[in-house]
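The values are calculated or read from the model by the stated rules, or taken from the named source; none is laboratory data. Computed from a predicted model, the values in this text were never measured in an experiment. Quick reminder, even Gly has a Cβ in these numbers, built from the backbone with ideal geometry, and neighbours come from all protein chains shown.
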Amino acid sequence: MNAHLKPAPRTPAPGTPTPGTPAPCRADFSRPTTLNRLFPLILLLAFPFVIYGAAQRGLADVMAQEPRYQIERWRAGKWVPDQFKLNAIQAELGTAHDLDPNNPNLLEDLGRFNAARVERGHAYDPEVRAMRQQALARFRQGLERRPTSGHAYVNVALMKYKLGEIDQEFSESLQQAMRRGPWEPQVQLIGIELGLATWQALAEPTHEILKQAIQAQVQWQLINQKPALQSLLKRYRRPDLAHLL
């Protein structure tokens with residue numbers, strides 16, 4: 001008797017789901033997700049704000065260039081502004097700051113302007129003191145936004161000195177100025193002078209940092225700092241530090 005032969009079951013191709021078995025999940029790159037669809041729109045909407053912000057920062061910097069130049073000439077004794085010009089400088093810096101309130105350069109410009117207005121004022125004059133406190137507040141704000149700047153630290157230390165506040169903030173600002181601006185001769189010389197002027201009130205670690213700064217400036221190759229350092233040591237009567245030169 002001939003057996004009834006049944007056809008052999010067909011082996012499914014690899015990857016073909018069998019009946020009753022859920023199909024494996026796979027990423028469908030042919031269908032964009034909601035985020036993918038929205039991303040170009042987000043960029044399109046954000047672009048004008050980016051352009052607007054950049055334009056404001058650029059305009060603020062342009063507006064500050066002339067007042068900044070005038071302040072530097074004034075502080076160097078090359079120009080003496082009248083009250084009308086002072087008001088104009090203040091207005092221009094204020095407008096620039098309104099356009100870019102987080103710009104550390106503008107904050108330092110405002111601090112220098114306030115400091116210059118009372119450069120030769122008496123330390124105990126209430127109006128002079130108030131103006132210097134405003135300058136210090138601006139320098140602190142600039143330091144918050146640029147905490148690695150030797151210039152920012154020495155500005156804080158200088159204004160603390162003019163206010164007669166030789167405290168922990170003064171000492172720390174002086175140390176940071178020396179550490180963070182070793183390649184900035186102006187910062188180093190201002191810091192060294194502040195240190196010599198307040199030597200008796202400073203702790204030994206600060207003394208060591210100042211001694212190292214003096215030695216480093218003597219070795220500075222681009223500018224001969226030795227005459228300036230000799231003058232400072234003589235002015236503040238520190239012949240005991242002459243061996244550092």
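Quick one: what pairs do we get from region 165-179, first residue part of a loop (DSSP other than H, G, I, E, B), second charged (D, E, K, R) and surrounded by 14 or more Cβ atoms within 10 Å (Cβ to Cβ), C-beta under 8 Å, 6+ apart or different chains?
So the pair list comes out as 166/160; 167/160.
What number of residues within region 118-136 satisfy the criterion of being part of a helix (DSSP H, G or I) and surrounded by fewer than 20 Cβ atoms within 10 Å (Cβ to Cβ)?
Applying the first criterion (part of a helix (DSSP H, G or I)) to region 118-136 yields 126-136.
After this cut, where a residue has to be surrounded by fewer than 20 Cβ atoms within 10 Å (Cβ to Cβ) as well, the list is 126-131, 133-134.
Residues in region 118-136 being part of a helix (DSSP H, G or I) and surrounded by fewer than 20 Cβ atoms within 10 Å (Cβ to Cβ): 8 in total.
What number of residues in region 62-90 are among the small types (Gly, Ala, Ser), assigned to a helix (DSSP H, G or I) and within 19 Å of residue 118 (Cβ to Cβ)?
Residues that pass the stated criteria total 1.
Select from region 158-184 the residues that are farther than 24 Å from residue 223 by Cα and aliphatic (A, V, I, L, M) and write down the one among them that is surrounded by the most Cβ atoms within 10 Å (Cβ to Cβ).
First pass over region 158-184, keeping only residues farther than 24 Å from residue 223 by Cα: 159-173.
Right, trim to aliphatic (A, V, I, L, M) and you get 159, 163, 166.
Numbers: 159: 25, 163: 16, 166: 18.
Applying the filter and picking the extreme gives 159.
Output the residues belonging to region 210-231 that are hydrophobic (A, V, I, L, M, F, W, C) and surrounded by fewer than 18 Cβ atoms within 10 Å (Cβ to Cβ). Write out each step before concluding.
Step one: list which residues in region 210-231 are hydrophobic (A, V, I, L, M, F, W, C), which gives 210, 213-214, 216, 218, 220, 222-223, 228-229.
Answer for region 210-231, where residues must be hydrophobic (A, V, I, L, M, F, W, C) and surrounded by fewer than 18 Cβ atoms within 10 Å (Cβ to Cβ): 216, 218, 220, 222, 223, 228.
Hey, any hits in region 208-231 for a residue that's closer than 22 Å to residue 170 by Cβ, small (Gly, Ala, Ser) and assigned to a helix (DSSP H, G or I)?
Here is the first cut: in region 208-231, the residues closer than 22 Å to residue 170 by Cβ are 208-214, 216-217, 229.
Among the residues that remain, those that are also small (Gly, Ala, Ser) are: 213, 216.
Filter again for assigned to a helix (DSSP H, G or I), leaving 213, 216.
Looking through region 208-231, at least one residue is closer than 22 Å to residue 170 by Cβ, small (Gly, Ala, Ser) and assigned to a helix (DSSP H, G or I).
Name the residue that is farthest from the chain's Cα centre (by Cα), counting only residues in region 71-99 that are charged (D, E, K, R) and modelled with pLDDT of 80 or more.
Quick first cut of region 71-99, residues charged (D, E, K, R) only: 72-73, 75, 78, 82, 85, 92, 98.
Now restrict to residues that are modelled with pLDDT of 80 or more: 72-73, 78, 82, 85, 92, 98.
Details: 72: 20, 73: 23, 78: 28, 82: 31, 85: 28, 92: 22, 98: 18 Å.
Among those that are charged (D, E, K, R) and modelled with pLDDT of 80 or more, it is 82.
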